[in-house]
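The values are calculated or read from the model by the stated rules, or taken from the named source; none is laboratory data. Treat the numbers as computed from the prediction; the structure is a model and nothing was measured. FYI the Cβ positions are ideal-geometry reconstructions off the backbone, even for glycines, and counts take in every protein chain you see. For the accessible areas, the whole protein counts, side chains as well, though only heavy atoms, and no ligand, DNA or RNA atoms are used. Shrake-Rupley method; radii C 1.70, N 1.55, O 1.52, S 1.80 Å.
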Amino acid sequence: MSDLINYVSCGLLWLGILAKAPDLVRQWRDPFLLAITSVLGFASLCFLFGAPRTVGFVNHVSGVPNLAAPLTYAAITAYGAASLVLVVSWRGGPGTARAIRRWVLGYTGVLGGIAFTFALGDAPVERRTDFDTYYATTPYISEMIVLYLVAHLAAVVVTAYRSLTWARHLRGCLRAGLVTMGTGTVVGAGYSASKLVAVAARWCGRDWSALGTTLSPACAGLGAALTVTGTVIPLVGPFVATRARCWREYARLGPLERELTELLRREYLSVPRPFWPSPTRWLTWRQSTIYNGLHFLERYFDAGLYQRTYTDRMRVTGDRHQAEAAAWATAITAAARTVSESGHGLVVAGEPEPRPDRPDLPALLRIADALAENSGEHALAMC
């Protein structure tokens, strides 16, 4: 991948970390939150250290020709371990803390092994993109390469298995997140698998370095993107779903508000619309405006008409909610027409029937649906 793609990906992940920073400060002992932050942090380091320009900068500043290699390998290994710990922490259950400690200690040992073998080896020629295959036969350096590749492959395979297996028993955003994360780790496994094949080919005297310089980075980038997206979906999904539900309910209330539009405008009953298009605020605005109109129509409400319509619809459908919505729609339409025709001075007495309670939001939605259905039937009849 190019430097630009690496740096942009790294920057986006840092923005994600900044977004989680307030929660992390307040709940710094939450293992799940720490695991998510670790995945985002180590993924950003993978992109940062994987950029050839960063590799050259680290090597030049440190004075060690290939110091960027173990740093990159350590970030990749830690990222794989963090993804695994995240899935374990996500699922929870008895023995979770013990399992997390084992994985953390095991991969801490792998990181120590990477540093130790690099210190023992000799890699004097700087290689920014094909370090693995170039030094595949160098003592200690080859052991370091195999160690990090096998550790990464093991982490992503276990993560993919646990994610996809657990996802089969779930629904909603959590399942979508686990499937996406599992898919990402499967793709990410192509990174270490292709590099292992290229290293093995080098041992056999063949030059398959193109696998490590083309296929591996593509698998790493796509796999990391999918994995990080999978971790974010369960966090963002409920937020997005709530906003989408508010927009749908706002749109569904439209026929009811339009039925009251003339009254609301003439009597100055409309609540000022919020300037910022927030779904929750606009839904509250439309609901409040409708309530103002219904409150004004109470003097014109024909309870007898409501009761007759309710009884007729119950006889036809047997659905109490649908019958109530149809009765409300009929009574509201009649009251609004009465106001329009007779002005302010007259009040419809109606039959001595008790008035229904003010409808809540679910009832308002059903009333609006009934009005929309009546409008559709009227339009068909006119045709």
>> Quick test of your reading of the structure: ARG355 fulfils all but one of (1) open to solvent by 90 Å² or more (accessible area, probe 1.4 Å); (2) of a type in the set (D, E, K, R); (3) at pLDDT 85 or above; (4) more than 17 Å from LEU264 (Cα to Cα). Name the failing condition by number.
In response: (3)
>> Between a residue in the stretch 138-159 that is on the phi > 0 side of the Ramachandran plot and any residue that is hydrophobic (A, V, I, L, M, F, W, C) and surrounded by fewer than 19 Cβ atoms within 10 Å (Cβ to Cβ), which pairs come within a Cβ distance under 7 Å, given they are 6 or more apart or on different chains?
In response: TYR140/LEU120
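Could you say whether any residue in the stretch 264-273 is hydrophobic (A, V, I, L, M, F, W, C), modelled with pLDDT of 90 or more and open to solvent by 20 Å² or more (accessible area, probe 1.4 Å)?
no
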>> Could you check the stretch 55-75 and list, in sequence order, the residues that are part of a helix (DSSP H, G or I) and either open to solvent by 20 Å² or more (accessible area, probe 1.4 Å) or of a type in the set (S, T, N, Q) (or both)?
In response: PHE57, VAL58, ASN59, HIS60, VAL61, SER62, LEU71, THR72, ALA74
>> Looking for something out of contact with any Leu (no Cβ under 8 Å at 6 or more places or on another chain) and open to solvent by less than 10 Å² (accessible area, probe 1.4 Å) - is there at least one such residue anywhere in the stretch 98-110?
In response: no
>> Being of a type in the set (Phe, Trp, Tyr), assigned to a helix (DSSP H, G or I) and at pLDDT below 90 is the filter here; which residues of the stretch 281-305 pass it?
In response: PHE296, TYR300
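From LEU34, LEU12, LEU86, grab the single residue that is within 19 Å of LEU153 (Cα to Cα), modelled with pLDDT under 90, in a helix (DSSP H, G or I) and not small (Gly, Ala, Ser). Walk me through how you get there before you give the answer.
Numbers: LEU34 fails: within 19 Å of LEU153 (Cα to Cα); LEU12 fails: within 19 Å of LEU153 (Cα to Cα).
Only one candidate passes the filter, namely LEU86.
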>> Step by step: first the residues of the stretch 150-163, then only those that are closer than 20 Å to VAL228 by Cα and hydrophobic (A, V, I, L, M, F, W, C), then the one that is most open to solvent (accessible area, probe 1.4 Å). Which residue is that?
In response: VAL157
> So which residues in the stretch 228-259 are at pLDDT 90 or above and aliphatic (A, V, I, L, M), if there are any at all?
Replying inline: ALA244, ALA251, LEU253, LEU256
>> Quick check on the stretch 193-215. Is at least one of its residues within 25 Å of the chain's Cα centre (by Cα) and surrounded by 15 or more Cβ atoms within 10 Å (Cβ to Cβ)?
In response: no
> Looking at the stretch 90-122, which of its residues are at pLDDT below 90 and in a loop (DSSP other than H, G, I, E, B)?
Replying inline: GLY92, GLY93, PRO94, GLY95
>> Scan the stretch 80-92 and tell me whether some residue there is open to solvent by 40 Å² or more (accessible area, probe 1.4 Å), over 20 Å from the mean Cα position of the chain (by Cα) and under 21 Å from GLY190 (Cβ atoms).
In response: no
>> All but one of (1) more than 23 Å from LEU215 (Cβ to Cβ); (2) crowded, with 18+ Cβ neighbours inside 10 Å hold for TRP166; state the number of the condition that does not hold.
In response: (2)
> Which residue pairs have Cβ atoms under 6 Å apart, sit 6 or more places apart or on different chains, and have a first residue in the stretch 74-94 that is aromatic (Phe, Trp, Tyr) and a second that is part of a helix (DSSP H, G or I)?
Replying inline: TYR79/PHE42; TYR79/ALA43; TYR79/CYS46
>> So in the stretch 1-38, with the set limited to residues that are of a type in the set (Gly, Ala, Ser) and open to solvent by 40 Å² or more (accessible area, probe 1.4 Å), which one is farthest from ALA218 (Cα to Cα)?
In response: ALA19
>> Pairs please, first residue from the stretch 160-188 and over 12 Å from VAL87 (Cβ atoms), second anywhere and buried (at least 16 other Cβ atoms within 10 Å of the Cβ) and of a type in the set (Val, Ile, Thr), Cβ atoms under 8 Å, 6+ apart in sequence or on different chains.
In response: CYS173/ILE233; ALA176/ILE233; THR180/THR227; THR180/THR229; THR180/ILE233; VAL186/VAL156; GLY188/VAL156; GLY188/THR227
> Which one of ALA123, ALA119, ALA115 is open to solvent by less than 30 Å² (accessible area, probe 1.4 Å) and small (Gly, Ala, Ser)?
Replying inline: ALA123
> How many residues does the stretch 289-300 hold that are more than 13 Å from ALA329 (Cβ to Cβ) and either open to solvent by 40 Å² or more (accessible area, probe 1.4 Å) or hydrophobic (A, V, I, L, M, F, W, C) (or both)?
Replying inline: 5
